[in-house]
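The values are calculated or read from the model by the stated rules, or taken from the named source; none is laboratory data. For clarity, every value in this text was computed on a predicted model and none was experimentally measured. Positions of Cβ are backbone-derived with ideal geometry, glycine not excepted, and every protein chain shown enters the neighbour counts. These area figures cover heavy atoms from the full protein model, side chains too; ligands, DNA and RNA do not enter into them. Shrake-Rupley method; radii C 1.70, N 1.55, O 1.52, S 1.80 Å.
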Amino acid sequence: MNKFAIALISATLFASCTATAEQSSPDKQHPAGTLLVGNKGEDTLSFIDLETGREVARRDTGKNPHEVAISPDGRLAAIVSYGAEHIDIFDIAAREKIETIALTPNKSPHGIAWLDDGRIIASTEGSDSIAIVSPPTGETQTRTVSQISTGQKGSHMVVVTPDKSRAFVSNMQSGTVSVLDLIKSSKITDLPAGTEPEGIAITPDGKTVWVADRRGDSLRVFDANTLEELAVLKTGKFPIRVAISPDGKTAVTSNYADGALGLFDVATREPKGEIKISGTPQAGQVTILFSPDGTRLYAAETGLNRIAEIDMVEEKLIGRLAGGTNGDGLGIAGTIATSKTD
């Protein structure tokens, strides 16, 4: 074996050991539960054990899976198939697909929310609408699908108020946020929201809606009741997502072009720092998700096929988890009985 080959093998082994250590350092206390990752580059869903940092299963989905939602009881996961116009339902403990819900005539589902009354709501940007899926009823456990039109282009992400009376939908190509009445099944209005609004989040108390204008490098805050625009905040470059901490105190933007997270105080609506993750757009940092207790935040580095894990108490990157190709949509389920690793 020549010197070059030996050096190459040594470097590979070192990199492998370094990656393993980063993912599962023994001095890091990891939360229990399962992280689910929609791998849009290979049409699969990854199941990652958060305590060990190991992927324990990977299952096929429909074409081009995106966002993930967890059922109110934590047993099931729903993932949209952007290229197949349906929602797949997985049993998290069994790690198996148990149902596929067709959304036609609604097209290109992307954002998703699973309400505590059992309804599933998906933004369907190919048909400028949201699709509303009922809980299964009757002996045949039948679901019905209805829709509300946004009348806007690029209806990409959706959030719902805690009282389930309103949905807010970011419309990327129209530069608006649609406000929909879920009780009357009608549109209330469209709010101007910058150049290309995409990321959207609502505070746990349902009082304010935060919208990331990715082209405008800004974060807009709206009163969820009066619909008044309360603030326009400068962000890092290309804020593609926004998330609110479970305690409602912190808003976080996922800044794609910076490879960083922007932090904002929800009460004062003022910036309060930044957490550098990769520092480069090559990471393809997109979806961000808080753990249920708010102590961790997970950021999908879609371009590098990995998930960054951030300690939100110390506000620093603590490791990365390996997933599938172009992992993007994220969901977290609590501790549940699981089958053996496969």
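The average projected area of the chain, computed from the convex hull of its Cα atoms over all directions, is 18.3 nm². Looking at region 84-238, what % of the alpha carbon pairs are farther apart than 27 Å? The proportion of pairs with Cα distances above 27 Å equals 24 percent.
Each 5 Å bin from zero up to the one holding the largest Cα-Cα distance in region 155-250 carries the following percent of pairs: 3, 16, 27, 27, 18, 8, 2, 0. One compactness figure for region 199-295 is 1.00, namely its Cα radius of gyration divided by 2.2 N^0.38 Å.
The residues of region 243-342 have, on average, 39 Å² of accessible surface per residue, using a 1.4 Å probe with all protein chains present. With R₀ set to 45 Å, the beta-carbon distance separating E139 from T195 gives a calculated FRET efficiency near 0.35. Protein heavy-atom accessible surface, 1.4 Å probe, per residue over region 88-215: 38 Å². Relative protection proxy for 311-321, 297-307, from highest mean packing down: 297-307, 311-321 (other beta-carbon atoms within 10 angstrom).
What does the C-alpha gyration tensor say about the overall shape of region 41-110? Classify as rounded when a/c is under 1.5, otherwise prolate if a/b is larger than b/c, or oblate. Walk me through the numbers on the way to the answer.
Working: a/c = 2.29, a/b = 1.63, b/c = 1.41.
Note, shape of region 41-110 comes out prolate.
For R296, nonlocal amide neighbours, meaning residues 5 or more places apart or on other chains whose placed amide H falls under 5 Å from its own, are S291, M312. When the square roots of the Cα gyration tensor eigenvalues are ordered a ≥ b ≥ c, the ratio a/c for region 151-193 is 1.5 or more and a/b exceeds b/c, which makes its shape prolate. Provide the gained length on full extension for the span K316 to S186, in nm with one decimal, where the gain is 0.36 nm per separating residue minus the Cα-Cα distance. The span from K316 to S186 would gain 42.5 nm if fully extended. Close amide H pairs (under 5 Å, H built 1.01 Å from N) link V266 with T250, A251, residues at least 5 positions away or on another chain. Potential lengthening of the chain between V56 and T325 amounts to 95.3 nm, from the contour at 0.36 nm per residue minus the alpha-carbon distance.
Dividing the radius of gyration of the alpha carbons in region 231-342 by their Kirkwood radius gives 0.99 for Rg/Rh.
Going by average Cβ neighbours within 10 Å, how do the peptides 36-43, 48-55 rank, with the highest at the top? Kindly include the intermediate steps, with their values, before the conclusion.
Numbers: 36-43: 23.2, 48-55: 17.9.
In descending order of packing, they fall as 36-43, 48-55.
Along the charge dipole of the chain, Cβ charges K/R +1 and D/E -1, which of T176, G74, T250 sits furthest on the positive end? After comparing all options, I get T176. Helical runs assigned H by DSSP (4 residues or longer) give the chain a calculated mean residue ellipticity at 222 nm of -2000 deg cm²/dmol, each run adding -39500 (n - 2.57) before division by the residue total.
Considering Cα pairs under 8 angstrom that are at least six residues apart, work out the relative contact order of the chain and quote it in whole percent. Mind showing how you got there, number by number?
Numbers: 968 pairs, mean separation 45.9, N = 342.
Relative contact order comes out at 13 percent.
In the structure shown, the pairs K153/K184; K184/K237; K63/K184 are assessed against 30 Å; a Cα-Cα span above that value is assigned to K184/K237; K63/K184.
Among T100, T144, T203, which one moves the most in a GNM of the chain with springs linking Cα atoms closer than 10 Å? Highest fluctuation among the options: T144. D by Stokes-Einstein for region 67-157, Kirkwood Rh over Cα pairs, 25 °C, 0.890 mPa s: 188 µm²/s.
Taking the 1.4 Å solvent-accessible surface of the chain as the whole, the part contributed by carbon and sulfur is 51%.
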